[in-house]
Amino acid sequence: VLRADAGCILQDLQDFTAKNMNCLVPVDLGAKGTCQIGGNLSTNAGGVYYYRYGSLHANCLGLEVVVPSSHGAEILNLG
């Protein structure tokens, strides 16, 4: 299981998981050097691994979302 912030660059996540976890992130895009994983999840980006590993939404176990409220920030755990 990989926990990442929404602003992580996809290429950095792929390099980290290949080197330290001996696995891969199931999305590969042409813009992987500049796109962020939060944007990939919000658009359900797939790339060339889509047919083999399924959608990115299907591979996501959950999200922790911070939303503003009248009493400050509220954290929602989805998953």
How much accessible surface area, in Å² rounded to 10, belongs to the heavy atoms of LEU41 with a 1.4 Å probe? 40 Å²
To the nearest Å², the heavy-atom accessible area per residue of the chain with 1.4 Å probe amounts to 72 Å²
Give the relative contact order (percent, whole number) for the chain; include only Cα pairs under 8 Å separated by 6+ residues. 23 percent
Rounded to the nearest 10 Å², the 1.4 Å probe accessible area of CYS8 is 40 Å²
Can you show me the helix-derived [θ] at 222 nm for the chain, built from DSSP H runs with n ≥ 4 at -39,500 (n - 2.57) apiece and divided by the number of residues, rounded to the nearest 500. -5000 deg cm²/dmol
Scoring only Lys, Arg, Asp and Glu (+1, +1, -1, -1) among other residues with Cβ under 15 Å from the Cβ of GLY46 yields +1
Radius of gyration and Dmax over the Cα atoms of the chain, both given in Å: 13.7, 44
Rolling a 1.4 angstrom probe over the protein chains, ignoring ligands and nucleic acids, what is the accessible area of THR34 in square angstrom, nearest 10? 110 Å²
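The values are calculated or read from the model by the stated rules, or taken from the named source; none is laboratory data. All values derive from a computational prediction rather than experimental measurement. Because the Cβ atoms are built from the backbone with ideal geometry, glycine has one as well, and the counts that use them run over all protein chains shown. Side chains included, ligands, DNA and RNA excluded: accessible areas come from the protein's heavy atoms. Shrake-Rupley method; radii C 1.70, N 1.55, O 1.52, S 1.80 Å.
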